[in-house]
Amino acid sequence: MADEQITTIHKCHLCKRTFGLTPAKAMTIMTVMMDPETNLPLGMTVSGVLREPTPEAAARAVEAYVCSDCVDRVKQLKEFMDRPVGRFGTWR
């Protein structure tokens, strides 16, 4: 019984699915600091621009968990978005 670890249930901030988390896995799970007033990541504006967060926003920020499936989807999206743009010929 001493080697059993208590599983806690968390909700993914992106997909809203619940997932179990043991203390051994706690260091490998992705977390994001969110501003509960704006529901945006800390320091991000509505237009998607990063800026220095205000002290008030930093004080009210809470840690939000992201499941491994969503982390994989974001990595795939990043690879797709970072692909070089194809070259087009010039008009003559």
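Amide H contacts under 5 Å for H13: Y65, V66, C67, restricted to partners 5 or more places along the chain or on a different chain, H placed in the peptide plane at 1.01 Å from N. Backbone phi angles across segment 69-78, fed through the Karplus curve with coefficients 6.51, -1.76 and 1.60 (θ = phi - 60°), yield HN-Hα couplings of 5, 5, 4, 5, 5, 5, 5, 5, 5, 4 Hz in residue order; Gly and Pro are listed as x.
Label reach from K25 (point 7 Å along Cα→C-beta): in segment 39-75, amide nitrogens under 19 Å belong to 64-75. For the pair I9 and M81, the difference between a 0.36 nm per residue extended length and the Cα-Cα distance amounts to 22.7 nm. For segment 8-81, the Kirkwood hydrodynamic radius from C-alpha pairs, put into Stokes-Einstein at 25 °C and a viscosity of 0.890 mPa s, yields a diffusion coefficient of 180 µm² per second. Counting neighbouring beta carbons within 10 Å and listing from fewest to most, the residues S68, S47 come out as S47, S68.
May I ask which residue of P53, V74, T90 lies farthest towards the positive end of the charge dipole of the chain, with charges of +1 (Lys, Arg) and -1 (Asp, Glu) on Cβ and the Cα centre as origin? Farthest towards the positive end: T90. Footprinting exposure proxy ranking of M34, M81, fewest other C-beta atoms within 10 angstrom first, gives M81, M34.
The aspartates and glutamates whose alpha-carbon is closer than 12 Å to the alpha-carbon of K11, local same-chain residues fewer than 8 away aside, are E63.
Readers should treat all values here as calculations from the given coordinates under stated rules, not as data from a laboratory. Computed from a predicted structure; not experimentally measured. No Cβ is skipped: glycine too gets one built from the backbone with ideal geometry, and neighbour counts run over all protein chains shown.
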